[in-house]
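The values are calculated or read from the model by the stated rules, or taken from the named source; none is laboratory data. Predicted model only: the values in this text are computed from it and were never measured. Please note: Cβ atoms are built from the backbone with ideal geometry, for glycine as well, and neighbour counts cover all protein chains shown.
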Amino acid sequence: MLKVHIRKRLHTFDLDINFEAGNEVLGILGPSGSGKSMTLKCIAGIETPDWGHIELDGRTLFDSRAKINLPPQQRKVGYLFQQYALFPAMTVEQNLFAGIPKEEKKNSQNIIEDAIDRMNLKGVEKKKPYQLSGGQKQRVALGRILLNHPQILLLDEPLSALDLFLKWQVELELKSLFESWPGTILLVTHNLGELSHLCDQVSVLHEGVNQTKQTVRELYSHPATVVAAKLAGCRNFSRIKLVDWQQKRFKALDWGIELLSSNLRPKSQFCGIFNHDIMPLLTDAPSVPEDKIENTFVVKKQHILWAVAANQVVCKSKTQTNDSPLFLECPTEYNELNLMDEFLVCLPSEKILCFDS
Amino acid sequence: MDWFPLWNSLRIAAISTFVIFFLGIYLAWYIAKLPPFLKGLLDVVLTLPLVLPPTVVGFFLLKTLGPYSAFGSFILRMADVRLVMEWYSAIFASIVVAFPLMYRTARGAFESFDSDLCYAGQTLGMSNARIFWQVVLPTCRQGILAGTVLSFARALGEYGATSMVSGFTPGQTATISTTVYQLWRTGDDAKAYLWVMVNITISFIVLLAINSLEARQKKSQILQSSGV
């Protein structure tokens, strides 16, 4: 159980972090420069917050009021650095040796052999870090951390240093480590793939302030804020004006259309919808019938961006005045789209997200 | 043939390099962590001897260590030790003159050092002293070695400040450089040539050592960056 409530003044913004994490993999999702690494460093004791309290499994690591600030050496925190931070002048064995606690050093021979076996590092024991592949480096770094018996794992963008091919393999290795790990794991990332593959819960971090955590699935179905939705990959947002509260009808000002949404709340000011939730309706007559179907309207195609699984289609509603197009994702089988200039789209009422601010 | 100047030069250079090694590393490491203003100031002060004429350094040394200076006269009274015009006076001169070379190369090495390595050591429970000796120094060893060799070469070639604080007494304070000057002055070209050759040989070896160190450093850097 990790409890963090800290504040720290930084150059460009103030860090204000507040969350609790149980025995789960908590992802901290934020763009680069949002304070993710700084948060991990404060927990590890490398950086000192200006104010607050950090508690790990009942142990106070930091408390500004009680003037407690344990040095990193006593925090029992396993920190996986972005570039792994293997000691360059040491061999794989010596790097592993560095992770063994003092009282176990006399038994180090066996411990290292064991770790080499477990982390699948046979044959590279005598090699220096620069001779290893990215995957091997990460396994050495993880092995070194695990030998130190940490109470929590902190991972700083664990896959960002790897190229695509290695990423898959390392991701699977991390997944199986996470499954066998009994305690808390904190993983910071800006990558949605990493997040959805590896994390249970997620807290979005924006300009130093983190938001209430939710499950990763919830982040995609009901992101709590516009920022969360943006980070989750949603590209369609519009300001709204309430038309009829009873019917939950409102006008999406940036798209120039009227919509219904079961998610509308009295204070809602913005609406949004994920690219993959907009449904193109490919009929021969792209005109809206007199008895208009709700949430369905004609759009003009602007661009099609090809991708393997699904094309990104950029379009605009016919009544739209300003310059914010709709982005929708549709399977590549929809070949007709290539020939059409105008077509019908449906924004399903339950898929339209509404945000207060 | 009197080989005293060679022996004297070597011991002066060796002792000063020994002192400079620890002092340079310590100050480079310590100053790298200071706030910018203080860092800039100390940096200038410590690098100054590199650009000052050695005679200016010699002048300052005579004014602080000489028998009429406060410090010099104090030592003379208390310990009956004269700080100038002895063979070991040249050590002070070489330390001051060669120090910036060690300091700057070590500082350069420390500045390019990835601080995540320190943090990794700390989170693994390593003490800061252990991190410094087992992680920082080995990682920066090529830069530090280059600095050491460079300081040794500079200390060995020191003339200006040395001749001012140690003078030239054959068999007592004579170094290779002061001997060459003395032999030239007295017109003993044959012997002067010999000492010139000795000096060139030593410097040649030292510079070869530096070059091979730099080549190795480049090679390991290339390997390291391609390994990522």
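Hey, can you tell me all the residues within the stretch B:95-117 that are of a type outside the set (Phe, Trp, Tyr) and either within 14 Å of another protein chain (Cβ to nearest Cβ) or without any contact (Cβ under 8 Å) to a residue 12 or more places away in the chain (or both)?
Those that are of a type outside the set (Phe, Trp, Tyr) and either within 14 Å of another protein chain (Cβ to nearest Cβ) or without any contact (Cβ under 8 Å) to a residue 12 or more places away in the chain (or both): B:Ala109, B:Ser112, B:Asp114, B:Ser115, B:Asp116, B:Leu117.
Among the residues of the stretch A:233-257, count how many are among the small types (Gly, Ala, Ser) and in contact (Cβ under 8 Å) with a residue 60 or more places away in the chain.
Qualifying residue count for the region: 2.
Before we move on, is B:Val135 modelled with pLDDT of 90 or more and crowded, with 19+ Cβ neighbours inside 10 Å?
Spelling it out, B:Val135 is indeed modelled with pLDDT of 90 or more and crowded, with 19+ Cβ neighbours inside 10 Å.
Select from the stretch A:174-192 the residues that are more than 14 Å from the chain's Cα centre (by Cα) and either free of Cβ contacts under 8 Å to residues at least 24 places away in the same chain or in a loop (DSSP other than H, G, I, E, B) (or both) and list them in ascending order.
Of everything in the stretch A:174-192, those that are more than 14 Å from the chain's Cα centre (by Cα) and either free of Cβ contacts under 8 Å to residues at least 24 places away in the same chain or in a loop (DSSP other than H, G, I, E, B) (or both) turn out to be A:Lys175, A:Ser176, A:Glu179, A:Ser180, A:Trp181, A:Pro182, A:Gly183.
Please list, ordered by residue number, the helices (runs of 4 or more DSSP H) wholly in the stretch B:62-136 having 2 or more residues that are within 30 Å of B:Pro170 (Cβ to Cβ).
So the answer is B:70-79, B:89-111.
Check whether at least one residue in the stretch B:83-94 is surrounded by fewer than 22 Cβ atoms within 10 Å (Cβ to Cβ), within 12 Å of another protein chain (Cβ to nearest Cβ), farther than 20 Å from B:Thr47 by Cβ and of a type in the set (A, V, I, L, M), and report yes or no.
no
Taking only the stretch A:127-141 into account, find how many residues are under 23 Å from the mean Cα position of the chain (by Cα) and more than 10 Å from chain B (Cβ to nearest Cβ).
Result for the stretch A:127-141: 3.
Since A:Ile240 meets every condition but one in (1) touching a strand residue (DSSP E or B) at 6+ places or on another chain (Cβ under 8 Å); (2) modelled with pLDDT of 90 or more; (3) assigned by TED's automatic domain parsing to the domain that holds A:Gly35, which condition does it not meet?
Going through (1) touching a strand residue (DSSP E or B) at 6+ places or on another chain (Cβ under 8 Å); (2) modelled with pLDDT of 90 or more; (3) assigned by TED's automatic domain parsing to the domain that holds A:Gly35 one by one, A:Ile240 breaks only (3).
Considering each of A:Leu121, A:Leu155, A:Leu147 in turn, give the residue that is within 23 Å of the chain's Cα centre (by Cα) and in the same structural domain as A:Asp200 (by TED's automatic domain parsing).
On inspection, the qualifying residue turns out to be A:Leu155.
For the stretch A:315-343, how many residues are assigned to a loop (DSSP other than H, G, I, E, B), crowded, with 18+ Cβ neighbours inside 10 Å and without any contact (Cβ under 8 Å) to a residue 60 or more places away in the chain?
1
On the given criteria, is B:Pro53 at pLDDT 90 or above, away from every other protein chain (no Cβ under 14 Å) and touching a Pro at 6+ places or on another chain (Cβ under 6 Å)?
So B:Pro53 fails the test.
Have a look at B:Ala120, B:Ala161 and point out the one that is modelled with pLDDT of 90 or more, away from chain A (no Cβ under 14 Å), buried (at least 21 other Cβ atoms within 10 Å of the Cβ) and under 28 Å from B:Ala106 (Cα atoms).
From the options B:Ala120, B:Ala161, the qualifying one is B:Ala161.
Return the total of residues in the stretch A:65-83 being more than 7 Å from every other protein chain (Cβ to nearest Cβ), surrounded by fewer than 22 Cβ atoms within 10 Å (Cβ to Cβ) and either touching a strand residue (DSSP E or B) at 6+ places or on another chain (Cβ under 6 Å) or not in a loop (DSSP other than H, G, I, E, B) (or both).
Of the residues in the stretch A:65-83, 5 are more than 7 Å from every other protein chain (Cβ to nearest Cβ), surrounded by fewer than 22 Cβ atoms within 10 Å (Cβ to Cβ) and either touching a strand residue (DSSP E or B) at 6+ places or on another chain (Cβ under 6 Å) or not in a loop (DSSP other than H, G, I, E, B) (or both).
Quick one: would you say B:Thr173 is touching a residue at least 24 places away in the same chain (Cβ under 8 Å), β-branched (Val, Ile, Thr) and touching an Asp or Glu at 6+ places or on another chain (Cβ under 9 Å)?
So B:Thr173 passes the test.
When the stretch B:175-195 is examined, which residues are found to be of a type in the set (Ser, Thr, Tyr) and in a helix (DSSP H, G or I)?
B:Ser177, B:Thr178, B:Thr179, B:Tyr181, B:Tyr193
Can you name the number of the only condition in (1) among the hydrophobic types (A, V, I, L, M, F, W, C); (2) within 14 Å of chain B (Cβ to nearest Cβ); (3) closer than 24 Å to A:Ser176 by Cα that A:Met1 fails?
Failing condition for A:Met1: (2).
State all residues of the stretch B:137-158 that are assigned to a helix (DSSP H, G or I), within 14 Å of chain A (Cβ to nearest Cβ) and of a type outside the set (S, T, N, Q); if no residue qualifies, say none.
B:Leu137, B:Pro138, B:Arg141, B:Gly143, B:Ile144, B:Leu145
Name the residue that is surrounded by the most Cβ atoms within 10 Å (Cβ to Cβ), counting only residues in the stretch B:164-190 that are of a type in the set (Gly, Ala, Ser) and at negative phi.
Once the filter is applied, the top-ranked residue is B:Ser166.
In the stretch A:84-93, what residues are within 9 Å of chain B (Cβ to nearest Cβ) and over 26 Å from the mean Cα position of the chain (by Cα)?
Correct list: A:Phe87, A:Pro88, A:Ala89, A:Met90.
Among the residues of the stretch B:25-40, write down those that are in a helix (DSSP H, G or I) and over 16 Å from B:Leu101 (Cβ atoms).
Those that are in a helix (DSSP H, G or I) and over 16 Å from B:Leu101 (Cβ atoms): B:Trp29, B:Tyr30, B:Ala32, B:Pro36, B:Phe37, B:Leu38, B:Lys39, B:Gly40.
Say we look at the stretch B:39-57 and pick out the residues that are without any contact (Cβ under 8 Å) to a residue 24 or more places away in the chain and aliphatic (A, V, I, L, M); which of these is farthest from B:Ala161 (Cα to Cα)?
Residue satisfying both the conditions and the ranking: B:Leu41.
Counting only residues that are of a type outside the set (Val, Ile, Thr) and part of a loop (DSSP other than H, G, I, E, B), which one in the stretch A:84-106 is surrounded by the fewest Cβ atoms within 10 Å (Cβ to Cβ)?
Per the criteria, the residue is A:Pro101.
Within the stretch A:38-63, can you find the residues that are surrounded by fewer than 19 Cβ atoms within 10 Å (Cβ to Cβ), part of a loop (DSSP other than H, G, I, E, B) and either touching a His at 6+ places or on another chain (Cβ under 7 Å) or within 10 Å of chain B (Cβ to nearest Cβ) (or both)?
Within the stretch A:38-63, just A:Glu47 meets the criteria.
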